[in-house]
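The values are calculated or read from the model by the stated rules, or taken from the named source; none is laboratory data. Keep in mind the model is a prediction, meaning the values are calculated, not measured. Here the Cβ is made from the backbone with ideal geometry for all residues, glycine too, and neighbour counts use every protein chain on show. Keep in mind that these areas ignore ligands, DNA and RNA; they rest on the heavy atoms of the full protein, side chains included. Shrake-Rupley method; radii C 1.70, N 1.55, O 1.52, S 1.80 Å.
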Amino acid sequence: MKKIMEFLEKYFVPVAARFGSQRHLVAIRDGFAVIMPLILAGALAVLINNLPIQAYQNLMTGIFGESWKSFGGNLWTGTFAVMSIIIVVSISYNLALSYGSNGIAAGLVSFASLLMLYTPSSKDWAIPFAFLGAQGLFVAIIVALITTEIFVRLLGNPKLVIKMPEGVPPAVAKSFAALLPSLIVLSIWALFKSITVAIGLTDIHEAIFTAIQKPLMGLADTLGSAIVVAFMIHFLWFFGLHGANIMGPILNAVYIPAINDNIAAFQAGAPIPHIVTMPFFDAFVHMGGAGTTLGLILAIYIASKRKEMRSMANLGIAPALFNINEPMIFGMPLVLNPVFFIPFVFTPVILTIISYFAIASGLVPRTIAMMPWTTPPVIGGFLVTGSIRGALLALFNLIVSIVIYLPFVLVAERIENRREKKVEKEEALADK
């Protein structure tokens, strides 16, 4: 561990610190931090509707029928389902403030700009829910950054300021000062949308989704394909794209039939044909959710002394036990966080390789059952294999994930400590 820390301190920390203090990344981080209450509410909604306890599900259905899920569904609709249009305002607001500009005006212009890019799902001009949530985060982040950069520069141009006479309320004066910059920015996005439609690119969100998804559709049940899937899910997540949704057609087309074959073979008493299945990822890789973030939370408890990191772990631990990790992904955040890029993206890849060889060698039985994706880690390993060895593999993988995350938690802590000291030094000089 000492040698790892020395290596990271020498080569990784300086680069990560520079990236971590970059204005746009800080705005993204702070933007996600602002919406943390909504993220936690959304995580609660998912847990309410998907708690993997059959007695609970039977009780709620027996008393209320299927209508009981509308409570969690309503929470989800106001949080996760509209995350993109919330985050575009939050990121834009924080980026504008970093320039000392009008944050709320920038946020509203970014919101309006993003709405232009959606393609209505019906003649009634209904905005498609599919891309309002996490699946549309990538476009939302890009729109927030570009819009704010243009808006802030235009707002700083005195030639574009409409000056109001004295006595006009400050709020009205600010609105008119932002009128021409807002109009120019919105016109740019309106022109961009018109051009994309004219060249046949009617839905930008769908085009990005398809461009990433199509090249990955030819994967099969092999170690190589499993590694590619594990890598791509988390690489996409790192940039704000919902990796699980984008890779969903591949997972459904390849790995659900694979587990169905295994179940049929098991029932017939025949050899189990497939190693890589949907439960393979759920039970042995995605423990705590994407990025095996339960390992990150436990690493924070073990190594971190910073109050905010431990508080974040406290908020994330309960959802993570049911593989719901949005509080950690958007709360730390892990999205576009250079410090955690390596463990977040590559821990699942390493666990995929370990799990594949453990099963291929016969140390652990092949998966023979589906499980709810919210099944707690380790328990899931037992359920999908019907063997205690499956639980032990999941536990081993969880320990591996903790070991991988530990040095990066310490690096993140050192970077924050240095940043605090730098701020304190600058404030002390300013006081003098």
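For the reader, a short list of remarks on this structure follows.
- For segment 74-85, a residue qualifies if it is open to solvent by less than 70 Å² (accessible area, probe 1.4 Å) and either modelled with pLDDT under 80 or in a helix (DSSP H, G or I) (or both), and the qualifying residues are L75, T77, F80, A81, V82, M83, S84, I85.
- Screening the candidates I208, I250 for the property of being at pLDDT below 85, part of a helix (DSSP H, G or I), open to solvent by less than 20 Å² (accessible area, probe 1.4 Å) and farther than 17 Å from F346 by Cα yields one hit, I250.
- Only residues that are buried (at least 19 other Cβ atoms within 10 Å of the Cβ) and either of a type in the set (S, T, N, Q) or at pLDDT below 80 (or both) were counted in segment 259-278, giving 2.
- Residues within segment 109-131 that are modelled with pLDDT of 85 or more and either farther than 21 Å from T79 by Cα or touching a helix residue (DSSP H, G or I) at 6+ places or on another chain (Cβ under 7 Å) (or both), tallied: 9
- Restricted to segment 282-336, and to residues there that are free of Cβ contacts under 8 Å to residues at least 60 places away in the same chain and among the basic types (K, R), the residue that is least open to solvent (accessible area, probe 1.4 Å) is R310.
- Taken together, L294, L334 contain a single residue that is of a type outside the set (D, E), under 16 Å from the mean Cα position of the chain (by Cα) and assigned to a loop (DSSP other than H, G, I, E, B), which is L334.
- Hits in segment 86-122 - residues which are β-branched (V, I, T) and either surrounded by 19 or more Cβ atoms within 10 Å (Cβ to Cβ) or part of a loop (DSSP other than H, G, I, E, B) (or both): I86, I87, V88, V89, I91, V109, T119
- Filter pass, G380 being buried (at least 20 other Cβ atoms within 10 Å of the Cβ), closer than 23 Å to P257 by Cβ and either at pLDDT below 95 or touching a strand residue (DSSP E or B) at 6+ places or on another chain (Cβ under 8 Å) (or both): yes
Residue by residue, here is whether (1) closer than 30 Å to I342 by Cβ; (2) open to solvent by less than 50 Å² (accessible area, probe 1.4 Å); (3) at pLDDT below 80 holds:
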residue	(1), (2), (3)
M1	yes, no, yes
I4	yes, no, yes
G31	yes, yes, no
V34	yes, no, no
A41	no, yes, no
L51	no, yes, yes
G72	no, yes, no
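- For A230, the conditions (1) open to solvent by 40 Å² or more (accessible area, probe 1.4 Å); (2) at pLDDT 85 or above; (3) not polar (S, T, N, Q) all hold with the exception of (1).
- Taking the criterion of being touching a helix residue (DSSP H, G or I) at 6+ places or on another chain (Cβ under 8 Å) and part of a loop (DSSP other than H, G, I, E, B), the residues of segment 369-419 that qualify are A369, M370, M371, P372, W373, T374, T375, P377, V378.
- Scanning segment 156-171 for residues that are modelled with pLDDT under 70, within 39 Å of the chain's Cα centre (by Cα) and outside any helix (DSSP H, G or I) turns up nothing.
- Every residue from segment 384-398 that is within 24 Å of P271 (Cα to Cα), among the aliphatic types (A, V, I, L, M) and either surrounded by fewer than 22 Cβ atoms within 10 Å (Cβ to Cβ) or under 25 Å from the mean Cα position of the chain (by Cα) (or both): I388, A391, L392, A394
- Of all the residues in segment 389-418, those that are within 30 Å of V26 (Cα to Cα), small (G, A, S) and modelled with pLDDT under 95 number 1.
- Taking segment 273-291 as the range and being at positive phi and part of a helix (DSSP H, G or I) as the test, only G291 passes.
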